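Report on one structure; see the data block that follows.
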Amino acid sequence: MKNFSLSTKIFISLLAGMLCGLILFYYVPAGVLRDDVFINGFFYLFGNGFIRLMQMLVVPLVFSSLVCGTMAIGDMNTLGQVGAKTIGFYMITTAIAISIALFVGSVINPGVGLDMEAIKVSEATAAESTGVVDTFLNIIPTNPISSLATGSMLQIIFFAVLLGIVLVQLGDSTNTVANLFSQFNDIMMKMTLIVMKFAPIGVFCLVAKTFSEIGFDGFLPMLKYMLGVLSGLGIQCFVVYMLMLKLFTGKSPITFLKKFSPVMGFAFSTATSNATIPLSIDTLYKNMGVSKKISSFTVPLGATINMDGTAIMQGVAVIFVAQAFNITLAPVDYITVIFTATMASIGTAGVPGVGLITLSMVFASVGLPVEGIGIIMGIDRILDMTRTAVNITGDAVCTTIIAHQNDAIDNTVYNKI
Ligand code: ASP
């Protein structure tokens, strides 16, 4: 494995992990060796240990790179423009995503003829919905230290950008603090590199654990639903994003997918957009020439508010549950779903499984029963992994487009094979 690049190693680990998990699931009898030593021993320890290492990097890295990124952009006008464009892009792609999902759902009819007897129903958890005004109000931290401590991403972004702006305005008189952030940022990038060396082991263990206990029996009656979600995700990732990339930047989608795929593989194994932030910024910078002054802003923001993959799952789930419970949705309900799922995408944290919890808000908006979530819960993990990969790809495509429009991408690096 020594001569392979990190990306290749991540892929090999992903495939090997799947294979190993499936072998354990089908061929190794339950017992101490399989369950205690491997699944809940090695795999759990090294898999979760790795996720924790990545999570450890997120807050300090996002904070320092955002302060530096804001300082690098410098003027308020450009900053405002980048901010407005990014948020606009994120909202539009989410609305497209959910529309695709509603369309695919209506074509596939995932809930028609469902055999409820064959389905394992779990207890659904509902989200406490926060009003739209409070959602916006919550962006302003009352105590930035506590925001850092609890990892409240939007509050961290708000404070870091403000800090960067003030540092630019104060100029030379605050050089020491500016340098401190810039050096601290270098330290965090170096730490990311060190942690990433363990990625192949972490990815292998995470995927092996998931596949060794996934319970494929549950898939059968849910096949149409899964197919609906996966086709929606495929269309969004390979058609919508790639068309946008080509249209707005003229850059090759194939190169993009080739270079960004290890990050997708990583997001797939961990099912968390948040933990993927460091790798995403690093890959966009080193392999695709995207300046950190853009990515340090757009990637963490996207990991927090832009969940197109999640929105697709929610769209198909709406059709599925409506059909399963024989509820007819009126055209106006579809519009409501597009709106609430876009809002839910903003409120979904980039960690495993949260998309299912915010789904309760979408269901409530059109009067679908929350119990419906219990039906899809059992098979959600694999979809969670896949939609997370799409979530972070959307952020990266937006980042590349914004970087292109702001002359913040090195084309030689992007095109280098
Ligand atoms: N796991 C997803 C993410 O981190 C969120 C979700 O849909 O549950 O992006």
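Things worth noting here:
- Selection count, the stretch 379-417, where residues are within 16 Å of the ligand (Cβ to nearest atom), surrounded by fewer than 23 Cβ atoms within 10 Å (Cβ to Cβ) and of a type in the set (K, R): 1
- Criterion violated by F204 - all others in (1) open to solvent by less than 20 Å² (accessible area, probe 1.4 Å); (2) farther than 30 Å from V168 by Cα satisfied: (1)
- Condition check for K251: open to solvent by 10 Å² or more (accessible area, probe 1.4 Å) and in a helix (DSSP H, G or I): no
- Criterion: touching a Lys or Arg at 6+ places or on another chain (Cβ under 7 Å) and not in a loop (DSSP other than H, G, I, E, B) - qualifying residue of L233, L227: L233
- Exclusive hit being touching a residue at least 60 places away in the same chain (Cβ under 8 Å) and either open to solvent by 10 Å² or more (accessible area, probe 1.4 Å) or assigned to a helix (DSSP H, G or I) (or both), set F256, F238: F256
- Tally of residues being under 20 Å from the mean Cα position of the chain (by Cα) and among the aliphatic types (A, V, I, L, M) across the stretch 326-377: 15
- Failed item in (1) part of a helix (DSSP H, G or I); (2) open to solvent by less than 30 Å² (accessible area, probe 1.4 Å), with G111 passing the rest: (1)
- Among the residues of the stretch 140-166, those that are in a helix (DSSP H, G or I) and of a type in the set (S, T, N, Q) comprise S146, S147, T150, Q155.
- Pairs linking a residue in the stretch 261-274 that is at positive phi to a residue that is hydrophobic (A, V, I, L, M, F, W, C) and near the ligand (Cβ under 10 Å from one of its atoms), with Cβ atoms under 6 Å and 6 or more positions apart or on different chains, are A271/M385.
- Qualifying positions in the stretch 348-378 - under 23 Å from N138 (Cα atoms), small (G, A, S) and open to solvent by 50 Å² or more (accessible area, probe 1.4 Å): A364
- Reported count of residues in the stretch 1-45, each being under 28 Å from the mean Cα position of the chain (by Cα), open to solvent by 100 Å² or more (accessible area, probe 1.4 Å) and more than 22 Å from T283 (Cβ to Cβ), is 4.
The values are calculated or read from the model by the stated rules, or taken from the named source; none is laboratory data. This is a predicted model, so every value here is computed, not measured. Here the Cβ is made from the backbone with ideal geometry for all residues, glycine too, and neighbour counts use every protein chain on show. Calculation scope for accessible area: heavy atoms of the full protein, side chains included, ligands and nucleic acids excluded. Shrake-Rupley method; radii C 1.70, N 1.55, O 1.52, S 1.80 Å.
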